[in-house]
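This report refers to the structure that appears directly beneath it.
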Amino acid sequence: MHPQWHNRQVPTPLRILGIDPGLNRTGYGVIDVSGSTFECVDSGIIRVPAGDLYQRLGAILELLGEVIRATQPHVATVEKVFVNVNPQSTLLLGQARGAAICAAVARELPVSEYTALQVKQAVVGNGHAGKEQVQHMVRRLLALPADPSPDAADALACAICHAHGGQGLGALSTSGFRVRRGRLV
């Protein structure tokens, strides 16, 4: 681990970069966290240009680096990848994920990882929630004017998950929301 990461003081507000890596589209979301208050700083999609694998990975590294320079996050977080039905797709996604992590590490950002289950549990209160539910809850939690795109929503959800240590809704301020059986409704 980089020696500077051990002695970092946590700034207020804490700025978190969430990353949803992909070889065609890499979602990103940056939030500021002060106590139990979240504010969206920026979010969007990096559209990875077509090309050979090394060119696409290089584009993720470069373009995500530009997002990091522009937004100046303190930490980065990314979703863990598990083997799915197609091992080749899993391998390619893992390489895109590696490029995204390298973009953060190259700028001396500590990187945290969460499973999809942890992210969905933290944002929706249900680890098996669908993409639409994640988009809607991200919109509500960050008071956005509209649902973000699925890739940006996943990245923002990852940042929200990190904001409260992957602890689920128990660590979120739920004032102003109705909660039923541990879920925001």
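The values are calculated or read from the model by the stated rules, or taken from the named source; none is laboratory data. Worth saying up front: this structure is predicted, and the values here are computed from it rather than measured. Glycine gets a Cβ as well: all are built from the backbone with ideal geometry, and neighbour counts include every protein chain shown. The area values use the complete protein model at the heavy-atom level, side chains included, leaving out ligands, DNA and RNA. Shrake-Rupley method; radii C 1.70, N 1.55, O 1.52, S 1.80 Å.
If you go through the stretch 82-93 and keep only what is under 17 Å from the mean Cα position of the chain (by Cα) and surrounded by 15 or more Cβ atoms within 10 Å (Cβ to Cβ), you end up with just Leu93.
Residues in the stretch 43-63 that are farther than 12 Å from Arg107 by Cα, within 18 Å of the chain's Cα centre (by Cα) and open to solvent by 20 Å² or more (accessible area, probe 1.4 Å): 4 in all. The residue pairs whose first member lies in the stretch 82-101 and is assigned to a loop (DSSP other than H, G, I, E, B), whose second member is open to solvent by less than 60 Å² (accessible area, probe 1.4 Å) and hydroxyl-bearing (Ser, Thr, Tyr), and whose beta carbons are closer than 7 Å, counting only pairs six or more residues apart or on different chains, are Val83/Thr90; Asn84/Thr90. Summed over the stretch 143-180, the residues that are in a helix (DSSP H, G or I), at pLDDT 50 or above and either open to solvent by less than 20 Å² (accessible area, probe 1.4 Å) or closer than 11 Å to Gly29 by Cα (or both) give a count of 11.
Residues that are in a loop (DSSP other than H, G, I, E, B) and touching a Ser or Thr at 6+ places or on another chain (Cβ under 7 Å) within the stretch 24-71 comprise Ser36, Val48, listed in sequence order.
Would you pick out the residues in the stretch 116-142 that are open to solvent by 40 Å² or more (accessible area, probe 1.4 Å) and either in contact (Cβ under 8 Å) with a residue 24 or more places away in the chain or of a type in the set (Val, Ile, Thr) (or both)?
Gln118, Lys120, Gln121, Arg140
Which residue out of Glu79, Glu113, Glu66, Glu108 is without any contact (Cβ under 8 Å) to a residue 12 or more places away in the chain, open to solvent by 20 Å² or more (accessible area, probe 1.4 Å), under 24 Å from Pro13 (Cα atoms) and of a type outside the set (Ser, Thr, Tyr)? Going through Glu79, Glu113, Glu66, Glu108 in turn, just one is without any contact (Cβ under 8 Å) to a residue 12 or more places away in the chain, open to solvent by 20 Å² or more (accessible area, probe 1.4 Å), under 24 Å from Pro13 (Cα atoms) and of a type outside the set (Ser, Thr, Tyr): Glu66. Cβ-Cβ contacts under 6 Å between residues 6 or more apart (or on different chains), taken from a first residue in the stretch 28-42 that is of a type in the set (Asp, Glu) and surrounded by fewer than 20 Cβ atoms within 10 Å (Cβ to Cβ) to a second residue that is at pLDDT 95 or above and not in a strand (DSSP E or B), are listed as Asp42/Thr71.
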